[in-house]
Amino acid sequence: MKFTLNGTERTIEAAGDMPLLWAIRDIVGLTGTKFGCGAALCGACTVHVDGAPVRSCQTSLADVEGKSVTTIEGVGGEVGTAVVAAWRKLDVVQCGYCQSGQIMSAIGLLSENRKPSDADIDAAMDGNVCRCATYQRIRAAIHDAASNLA
């Protein structure tokens with residue numbers, strides 16, 4: 001399977017039904033994307049495919065053939081930089097396990113909506129579970145990143 005991963009074209013020799021998450025972690029060796037529930041319910045495995053957040057545990061390698069995949073290791077650009085800076089500034093992370101997925105979803109939101117309301121944030125981040133309950137800090141960081149993008 002051929003696809004672009006964090007700006008670099010990759011050819012992965014694996015079955016097309018392999019979850020993208022396993023290809024990213026076990027074959028390529030990028031471990032920033034986390035395994036959470038394995039059923040697309042928690043969002044820990046969120047990556048971008050052609051700029052849109054997807055759950056990599058339920059996305060097959062065949063689904064990304066010829067597409068562009070971005071993981072937490074490949075985050076950059078104006079929106080990605082603003083989100084990561086806000087996460088650091090507001091010290092969002094507690095245990096950190098879910099945070100790569102949270103950041104990927106936040107970047108997806110702010111890429112589409114640079115001035116999200118609390119309701120917009122809640123809707124976009126729904127499905128990204130944080131067992132440390134850092135939801136207030138996540139929301140504040142998204143607002144902070146948005147203010148820096150204005």
The residue that is farthest from residue 105 (Cα to Cα), considering only those in region 118-132 that are among the small types (Gly, Ala, Ser) and without any contact (Cβ under 8 Å) to a residue 12 or more places away in the chain, is 119
Only one of 8, 31 that is closer than 27 Å to residue 140 by Cα, surrounded by fewer than 16 Cβ atoms within 10 Å (Cβ to Cβ) and hydroxyl-bearing (Ser, Thr, Tyr): 31
Could you list, in sequence order, all residues of region 77-100 that are within 13 Å of residue 136 (Cα to Cα) and β-branched (Val, Ile, Thr)? 92, 93
Any residue at all in region 119-127 that's of a type outside the set (Phe, Trp, Tyr), assigned to a loop (DSSP other than H, G, I, E, B), touching a Cys at 6+ places or on another chain (Cβ under 6 Å) and surrounded by 15 or more Cβ atoms within 10 Å (Cβ to Cβ)? no
Quick test for you: out of 26, 50, 17, pick the one residue that is open to solvent by 50 Å² or more (accessible area, probe 1.4 Å), in contact (Cβ under 8 Å) with a residue 24 or more places away in the chain and among the acidic types (Asp, Glu). 17
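When only residues in region 38-47 that are closer than 18 Å to residue 103 by Cβ and hydrophobic (A, V, I, L, M, F, W, C) count, which is surrounded by the fewest Cβ atoms within 10 Å (Cβ to Cβ)? Please lay out each step first, then the result.
Going residue by residue through region 38-47, those that are closer than 18 Å to residue 103 by Cβ are 40, 42-47.
Among the residues that remain, those that are also hydrophobic (A, V, I, L, M, F, W, C) are: 40, 42, 44-45, 47.
Numbers: 40: 16, 42: 22, 44: 26, 45: 28, 47: 28.
Applying the filter and picking the extreme gives 40.
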Return yes when residue 147 is of a type in the set (Ser, Thr, Tyr) and either part of a loop (DSSP other than H, G, I, E, B) or touching a residue at least 24 places away in the same chain (Cβ under 8 Å) (or both) and no when it is not. no
Residue, nearest to residue 106 (Cα to Cα), within region 66-93, restricted to residues that are assigned to a helix (DSSP H, G or I), without any contact (Cβ under 8 Å) to a residue 40 or more places away in the chain and of a type in the set (Gly, Ala, Ser): 80
Among the residues of region 82-95, is there at least one that is basic (Lys, Arg) and surrounded by fewer than 15 Cβ atoms within 10 Å (Cβ to Cβ)? yes
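The values are calculated or read from the model by the stated rules, or taken from the named source; none is laboratory data. Remember, predicted model here, so these are calculated numbers, not experimental data. Backbone-built Cβ (ideal geometry, glycine too); neighbour counts: all protein chains shown. To get the accessible areas, we keep the full protein, side chains included, count just its heavy atoms, and leave off ligands, DNA and RNA. Shrake-Rupley method; radii C 1.70, N 1.55, O 1.52, S 1.80 Å.
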